[in-house]
1. Kindly establish whether Thr570 is at pLDDT 95 or above, part of a helix (DSSP H, G or I) and farther than 25 Å from Thr685 by Cα.
2. Could you look through the stretch 109-126, keep only residues that are out of contact with any Leu (no Cβ under 6 Å at 6 or more places or on another chain) and charged (D, E, K, R), and pick out the one that is surrounded by the fewest Cβ atoms within 10 Å (Cβ to Cβ)?
3. If you scan the stretch 356-400, which residues turn out to be of a type in the set (Lys, Arg), within 16 Å of ligand 1 (Cβ to nearest atom) and not in a helix (DSSP H, G or I)?
4. Inside the stretch 276-302, can you point out the residues that are under 30 Å from Tyr707 (Cα atoms), within 12 Å of ligand 2 (Cβ to nearest atom) and not aliphatic (A, V, I, L, M)?
5. Could you list, in sequence order, all residues of the stretch 540-591 that are over 23 Å from Ser338 (Cα atoms) and of a type in the set (A, V, I, L, M)?
6. Can you pull out every residue in the stretch 155-168 that is surrounded by fewer than 18 Cβ atoms within 10 Å (Cβ to Cβ) and in contact (Cβ under 8 Å) with a residue 24 or more places away in the chain?
7. Quick check on this structure: which one of Leu106, Leu81 is of a type outside the set (Asp, Glu), assigned by TED's automatic domain parsing to the domain that holds Val31, assigned to a loop (DSSP other than H, G, I, E, B) and buried (at least 21 other Cβ atoms within 10 Å of the Cβ)?
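The values are calculated or read from the model by the stated rules, or taken from the named source; none is laboratory data. Small disclaimer: the values here were computed from a predicted structure and weren't measured. Cβ placement follows ideal geometry from the backbone for every residue including glycine, while neighbour counts extend to all protein chains displayed.
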Amino acid sequence: MRAPVEHRLEDYQSPAFAIDDVHLLFQLDPVATRVTSTLAMRRQRAEEPLQLNLENLVVESVALDGIELGESAWRIEDGRLIIEDVPERFTLRIRNRINPKENTALEGLYLSSGNFCTQCEAEGFRRITPFLDRPDVLATYTVRIEADKSAYPVLLSNGNLIEQGDLPDGQHYALWHDPWKKPCYLFALVAGDLQFIEDHYTTAGERDVTLRIYVEPHNIDRCEFAMQALKRAMRWDEERFGLSYDLDVFNIVAVDDFNMGAMENKSLNIFNSKYILARPETATDTDYEGIESVVAHEYFHNWTGNRVTCRDWFQLTLKEGLTVFRDQEFTADMLLPSIKRIQDVIHLRRYQFPEDAGPMAHPIQPKSYIKMDNFYTMTVYEKGAEVVRIYQTLLGREGFRKGMDLYFQRHDGQAVTVDDFRQAMADANGVDLSSMRAWYDQPGTPHVKVRRHYDADSQRLTLDLTQSLPKVGEGFTPLPIPIRLGLLDASGNPLPLVVGGEELGMEYVHLFDTRHQQLVLEQVPEGAVPALLRDFSAPVILETDLDDAEWALLAAHDPDDFLRWDALNTLALKALMEAVTAIERGEAPAWPQTYLDAVGVRLQAALEDPAWHALALTLPDEVTLGEQFETIAVEAIHQARKALQSELAQRFEVQWASIYDTLSAELDQPYTFNAEQYGKRSLRTLALHYLVQTGKAKWIEQALYHYQHANNMTDRFGALRALTGVEHAARKTALDDFYYRFRNDPLVIDKWFALQAGSDHPHTLEHVRMLTRHPDFTYTNPNRVRSLLGVFGQNRAAFHRADGSGYVFLADEILKVDKLNPQIAARLLSPFTQWRRFDTARQALMKAQLERILQVPSLSSNSYEIVEKSLTLS
Ligand code: B3K
Ligand code: ZN
């Protein structure tokens, strides 16, 4: 059995050598690209040999200070090029060869639609040329690209274009220089037959920046929204954080084959085309929102990531948690803050909480890894962003800004740690934030239990607070948990908060930072209800002793948009949990009147705030519901949710119909992506879903009509989604039409695959199996693989079929992907990691597949790490 190397945070050593300057020459060829790298190097520690990382490349020659080294002076061992004797300062020149065409892992230099592109984070640069491939080695780069001019008219790299010209034999070249020191993971190169759109942005310091988005020629009419989003992001970062762009050019390139969403390479961002290309006919509101936030996210990295980078990969959340927080704040400002917050919390609970409860749980600063790529996780990104948000909650926006200013003042041009960030926040505000360390060191979602004691005589409401961290157990270190709270009287009117004789206003943030605490609220009238964790002020699971009537009061009256949503959601969850238990006992579910009444009230008011109501009237998803149980009862959960959906559909059919009609009239206008239309479309689509759930032919026909007459993808796809849930001829009519209409549009065809893979049709497994043989399915395009196999793995009913056939199918497919693209394969494994949560029969079936995968001798170390941890950790 292999012995994969585990990298540990505690083993960190600063680099033995510095690389001050890098010159790269690329002679591009699809199967045999030549790279010549000239490195100005400097020894930083005595008596150590020089060891450069390398992977999947052929070294042809090595020269030191201009003198060719014989084969005995260097050797390749365990992924390193080792040279024993080197002086204090020297120039190293390495020539090597790589094969971009065979590179299906999409790391390093590879081809996408025949164009060259790169992905180096985290450790892909070593697949381009031997290097000190670690983020704390910062250098300036000069890059010369030579390629066939007709096949690759566009040649791009980081920084400024210095020179370009023709060469003999139909070749040409371009010379790029990036004046900013950077780690090699931010290096990028693109060469291909591309067209661009251009725009300009003038910074606060009057710098004129040329902005370009490069795409394949047939996509040139889909870039404008991304360009405008980029300009909005540039403006916002200046206004909110005083951060301006620092070069005269900013280029974005969109490619079809990309492992992640996008990459923040210095001045040459490379994007998955999914996060650039949009036209109303092909992209949904969700797609538009995604594009705006990813464009902003990558742009924001220019400061949080590039100018100040990570010392090592254990610090990833330093740049990712912070940049996600920044893009969340940006989107909140562009759309509606409370809507964005609710969306983010739904997402966190749906994807991060299960990760934090399972075998892959890790602190936002992981302490060890086998493959770093496995740690680009919801925890590092989204929980990391929540932890950054805690600083802002504790320090206020102004205090947070002071901390950011000091962080850049101290660390611009450096590779630093999460501790440096925390220290800057603390020093800028003159406070001690050392207890925040606990958020970085411990895995798992904290639980906060609240029990109330009311004393009518003294008018005191005592909140008994207990925190725990089940993932860590008894020995956990208490976390500083900010609880934003308010108080409502029995009729829902806000009450002032009085603590220790002091009036604290209508809302305040209580810092709960020990295992137990009592918070005594004074002058509290009988029947008052505390509103806890407004705005989701910390990423915790809150367990209160509020009853349904109190939740309903909060749902109706709390001034905080998030908490009102959360209260209604809690009522829905409670109703669904009882229904699951009933179904398991063989009984029919009974729906609590309090909840049904609360929904009725919301429906009356829905048109006043469509966006919020679309979120509030959507039932919790099956995964979030499953998280409420020790053992996930797949069928009962599925049935309970379906039953409640049809209950709400039938009971409120008249209201849904009226909402649908009113919004249809209001939306009879050309499509624009803005908060208002977005909200209206969401609510109208939801209404249509419920109407279709009544099972009445007239509503199915209406959905088909809606599908056929839509003037934008949001509406068309919304109707199609409603139809894929029903057994009716309209389902096939619409699906077939959709395919033929968009068969030449890969991003839309991804939706077509995803819809079928996520469907709750009883034959979904058979459909998905057939779709793997569809001419448009390919194992080499990550978007397509995710659309079919990724979505299938998330489909509770289909993947978890009781006979285990879903498990066998997905395991087989993952093994195929693993041979081509280990990073993607490792991600597809994620539904298997949850195996301990299911009934014993399913556990055995899932475990058998994990064991089978582990036996495969050629298994990638990416997949090995996930499978091995899933089997051994809980
Ligand atoms: N920093 C990149 C992610 C790179 C992933 C490498 N496996 C995208 C982002 O977070 O902006
Ligand atoms: Zn990022």
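1. no
2. Top of the filtered list is Glu123.
3. Correct list: Lys371 only.
4. Ser293
5. Scanning the stretch 540-591 gives Leu546, Ala549, Ala575, Leu576, Met577, Ala579, Val580, Ala582, Ile583, Ala588, Ala590.
6. Matches in the stretch 155-168: Asn160, Leu161.
7. Leu106 is the lone residue from the list that is of a type outside the set (Asp, Glu), assigned by TED's automatic domain parsing to the domain that holds Val31, assigned to a loop (DSSP other than H, G, I, E, B) and buried (at least 21 other Cβ atoms within 10 Å of the Cβ).
Matching residues to (1) of a type outside the set (Lys, Arg); (2) surrounded by fewer than 23 Cβ atoms within 10 Å (Cβ to Cβ); (3) closer than 22 Å to Asp136 by Cβ; (4) within 15 Å of the chain's Cα centre (by Cα):
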residue	(1), (2), (3), (4)
Ile346	yes, yes, no, yes
Lys367	no, yes, yes, no
Leu394	yes, yes, no, no
Gln409	yes, yes, yes, no
